[in-house]
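Below you'll find the structure, written out as C-alpha cells, and then a few comments.
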Amino acid sequence: MQRSFFVLFILIVSFGAAVAQALQNIQIKEDPAITSLMSQYIEGNKQKPYINGWRLQILATTDRPKLDETLNNFKAQYPFVPVTWLHERPYYLLRVGAYHSKLQAMSLQQILKGPYPGSYLVQDSQISPIDFIGY
C-alpha cells in the first residue's frame, strides 16, 4: 500500500513538472494591427487629462470670504472628500466629491443633506482622475 502511494506521488510530481515546463514555453504573437490600435488608445487617453463625472455643489456665492470659510469648514469635517471651486463671474462655486455616476453622487448628497440643505448635483467635465481614487 505504501509503495503504491509512493508511485502515485512520483507520478503526480512528474506530471506537475511537465505542465510547468510546458507553461514556460508559451509564446503569444500579437497581430500588428492590435498593437497599433492599443498604442493609439493609450496615446488618446494621455491627451485627455480630465474625466466626465458628477459632483455636489454646496455653495454659490459672490462673497469670496464666505467661499473660503465654507471651504475650510468642509475640509475640516470631511478631509477625504475631494473639494474644488470655480469662479464663473460673478459667482464662486464650491463643488465636492467626484463620482462616475449620478447614483453614486446621490449617496454623498444624502450624507450632506443636513449641513448643506441647498446642495445639488452637477455634471462636471473637468474632474482629475486622481479625484476618483477611493470611490
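Condition check ((1) touching a residue at least 12 places away in the same chain (Cβ under 8 Å); (2) of a type outside the set (Val, Ile, Thr); (3) part of a loop (DSSP other than H, G, I, E, B)) across all residues:
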position: GLU30; (1), (2), (3): no, yes, yes
position: LEU37; (1), (2), (3): no, yes, no
position: ILE42; (1), (2), (3): no, no, no
position: ALA60; (1), (2), (3): yes, yes, no
position: ASN72; (1), (2), (3): no, yes, no
position: LYS75; (1), (2), (3): no, yes, no
position: PRO117; (1), (2), (3): no, yes, yes
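Tell me whether the stretch 86-96 contains one or more residues that are out of contact with any strand residue (DSSP E or B) (no Cβ under 9 Å at 6 or more places or on another chain) and hydrophobic (A, V, I, L, M, F, W, C).
no
Out of LEU108, LEU56, I need the residue that is touching a residue at least 24 places away in the same chain (Cβ under 8 Å), in contact with a Ser or Thr (Cβ under 6 Å, 6 or more places away or on another chain) and within 19 Å of ASP131 (Cβ to Cβ). Which one? Break it down stepwise before answering.
On the way: LEU108 fails: in contact with a Ser or Thr (Cβ under 6 Å, 6 or more places away or on another chain).
Selected residue: LEU56, the only one of LEU108, LEU56 that is touching a residue at least 24 places away in the same chain (Cβ under 8 Å), in contact with a Ser or Thr (Cβ under 6 Å, 6 or more places away or on another chain) and within 19 Å of ASP131 (Cβ to Cβ).
Name the residues in the stretch 39-62 that are of a type in the set (A, V, I, L, M) and at pLDDT below 90, would you?
ILE42, ILE51
Of all residues in the stretch 90-100, which are aromatic (Phe, Trp, Tyr) and surrounded by 19 or more Cβ atoms within 10 Å (Cβ to Cβ)? Break it down stepwise before answering.
Taking the stretch 90-100 and keeping what is aromatic (Phe, Trp, Tyr), we get 91-92, 99.
Result: TYR92, TYR99.
Among ILE58, ILE34, ILE51, which is farther than 30 Å from GLN123 by Cβ and not basic (Lys, Arg)? Spell out the reasoning first.
Numbers: ILE58 fails: farther than 30 Å from GLN123 by Cβ; ILE51 fails: farther than 30 Å from GLN123 by Cβ.
Selected residue: ILE34, the only one of ILE58, ILE34, ILE51 that is farther than 30 Å from GLN123 by Cβ and not basic (Lys, Arg).
Just to be sure I understand the filter: pairs with C-beta atoms under 9 Å, separated by 6 or more residues or on different chains, first member in the stretch 94-105 and under 17 Å from PHE80 (Cβ atoms) and free of Cβ contacts under 8 Å to residues at least 12 places away in the same chain, second member of a type in the set (Ser, Thr, Tyr) and part of a strand (DSSP E or B). Which pairs pass?
Qualifying pairs under 9 Å: none.
Could you grab me the full set of residues in the stretch 71-89 that are under 20 Å from GLN123 (Cα atoms) and surrounded by fewer than 13 Cβ atoms within 10 Å (Cβ to Cβ)?
Once the filter is applied, which keeps residues that are under 20 Å from GLN123 (Cα atoms) and surrounded by fewer than 13 Cβ atoms within 10 Å (Cβ to Cβ), the stretch 71-89 yields HIS87, GLU88, ARG89.
The values are calculated or read from the model by the stated rules, or taken from the named source; none is laboratory data. Predicted, not measured: the structure shown is a model, and the values here were computed from it. Cβ sites come from the backbone with ideal geometry, for glycine too, and all protein chains shown count toward neighbours.
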